[in-house]
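The structure appears below as structure tokens.
The values are calculated or read from the model by the stated rules, or taken from the named source; none is laboratory data. Quantities reported herein were computed from a predicted structural model and do not represent experimental measurements. Counting neighbours? That spans all protein chains shown, and the Cβs are built from the backbone with ideal geometry, glycine included. SASA here: full protein model, heavy atoms, side chains in, ligands and nucleic acids out. Shrake-Rupley method; radii C 1.70, N 1.55, O 1.52, S 1.80 Å.
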Amino acid sequence: MAGQIKLAIKHISKTYQSERGEMLALHDINLGITENEFVTVIGPSGCGKSTLLNIIAGLEQATTGQIFCDGAAVEGTGSERGVVFQQYALFPWLTVRQNVAFGLKIRQDKSAAAMARVARYIDMVGLTDFAERYPK
Amino acid sequence: MQSELELPTKVHKVKKSQPTRNHRRLKKTAWLTLSIISAVGIWWVLSVIPSTAQSFPDPLAVAEAVGTMLSRGVLISDIGASLFSVLWGFLFGFVLALPVAILMAWYQPLENIIGPWIQFIRSIPPLAYVPLVVVSAGIGAKAQIIVICIATFLVMTVTIYQGVVNIDPTLIKAARVLSAKDRDIFVHVIVPAATPYIITAVRLGATTALTTLIAAESTGAEAGLGMRIQSLSQTFDVAPMMLYIIIIGIIGITLDKLIRMFERKVTKWQDK
């Protein structure tokens, strides 16, 4: 079942520069991920998994190579490549509702439809009664 | 059979009962009264013991000094002049410190260039560079405000810088992957995250402004708490001196309390 390639990772290499010299983290990574495909990257600690994910997300720049999403080359971060972080990425000065709606706020979407979506997701995880609470 | 995990369907707010809240206020006032009485008591003892009696005029004499200084027509103008210098010096210091600190935290090269100089000047007590300022700015309020501005700027820049630098990078990354641009990150992440540190900087700045006051007014002010203390010291008029020292302390506590009130409004998300 070969679907359309949604995310194309082509010839990604990453070299880190430090006082101790150069460190090759990734060398010529090529990967094609199709729509609705679920991919798990596993490997020992320090093998470059986070580096690759950061590059895909746009949080880091690859030394060589390109990432294509839906055929278009990606520059930097974008909400089409969302990330769930290892640590809690909760804004402590925002309520639960405001945290969930953060992405919408950045896009200046205050429509009723947007707020309804926020409410739906909050309800999905059973936090409706806590929506106005702070993460602490 | 699997047991179902039940999430609470209703949240009951536990309201602190009225008597308990008033109880706490009463207790706090009681403790405060006890504290003040003890302090005055110790003060009175110190004013009687021969070895410290010279430095500590008895409380009654100090209370009388209020009348004396009022009749000399200087008490109000001294307080006014000092507050003027303190507030303006602090304000200028803050208005400069905030952008400088944030830019330094955002652009490492800037920190590399400016950072060492901030540490360098911080190590110099204001009293040492006060004459330098007076030579250019002349005697009077302008020189005082400049000196207080420098001292508070240095302290607040360092504190705010630390605050911005300590912002959890995960929060910035989270904002980035949600399509936030640099400006969005500044407004929606940096400012709210740094606010507690900025408030701390403001508190430190206020304290620094007050303690620098004496040095600033030694430039030859016409009026002011620091200046008056110096002139009174020349005549060894200890009672009014002590009064002025206490007034400076009271101003300090009042400013701090005001800042804390503001802090509670702005950072209600922190559990303190």
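Points to keep in mind about this one:
- Gaussian network model of chain B, springs between alpha carbon atoms under 10 Å - residue of B:L87, B:L75, B:L60 with greatest fluctuation: B:L60
- Take every pair of alpha-carbon atoms less than 8 Å apart whose residues are at least six positions apart; their mean separation over the length of chain A yields a relative contact order of 21 percent.
- A crude spin-label estimate for the pair A:M23 and B:L83, with each label 7 Å from Cα along the Cβ direction, gives 5.8 nm.
- Cut-off of 10 Å, at most 16 other beta carbons, DSSP loop: longest stretch of chain B lacking such GluC sites (Glu not before Pro): B:7-221
- Chain A: angle of helix A:112-124 to the longest principal axis, Cα-based, in degrees nearest 10: 80
- Förster radius 25 Å - calculated FRET efficiency between A:E60 and A:M124, Cβ distance, rounded to 0.05: 0.20
- Solvent-accessible area per residue in region B:5-159 equals 68 Å², computed with a 1.4 angstrom probe and all protein chains kept.
- At a threshold of 50 Å², the residues of region B:165-200 that become less accessible to a 1.4 Å probe in the full protein assembly than in their chain on its own are B:T170, B:L171, B:K173, B:V177, B:L178, B:S179, B:H188.
- Take the accessible area of A alone and of B alone, subtract that of the pair with a 1.4 Å probe, and the total buried over both chains is about 2200 Å².
- Of all accessible heavy-atom area on the protein assembly as shown, the percent that carbon and sulfur account for (1.4 Å): 63
- In angstrom, the C-alpha Rg and Dmax of chain A are 18.5, 54.
- Of B:N112, B:N22, B:N166, the one that fluctuates the most in a GNM where chain B has Cα springs shorter than 10 Å: B:N22
- Given their separation in residues at 0.36 nm each and the Cα-Cα distance between them, B:I37 and B:I139 gain 32.6 nm when the chain is fully extended.
- Annotation: region A:5-73 has a Kirkwood hydrodynamic radius of 12.7 angstrom, from the mean reciprocal C-alpha pair distance.
- The protein assembly as shown, Cα convex hull volume normalised per residue, Å³: 280
- Note on B:D256: accessible area approximately 40 square angstrom, rounded to 10, probe 1.4 Å, nucleic acids and ligands left out.
- A Cβ-based charge dipole, computed about the Cα centre of region A:84-136 with Lys and Arg at +1 and Asp and Glu at -1, lands at about 140 debye.
- Inter-label distance, B:N22 to A:D109: 5.2 nm, where each label sits 7 Å from its Cα along the C-beta direction.
- Nearest-ten-degree value, helix B:191-217 long axis tilted from longest Cα axis of chain B: 10
- Cα gyration tensor shape for chain B, rounded if a/c is under 1.5, else prolate or oblate: oblate
- Among the residues of region A:80-107, those with an accessible-area drop of 40 Å² or more from chain alone to full protein complex, heavy atoms and 1.4 Å probe, are A:F85, A:F91, A:W93, A:F102, A:I106.
- Angle in degrees between helix B:225-234 and the longest Cα principal axis of chain B, rounded to the nearest 10: 30
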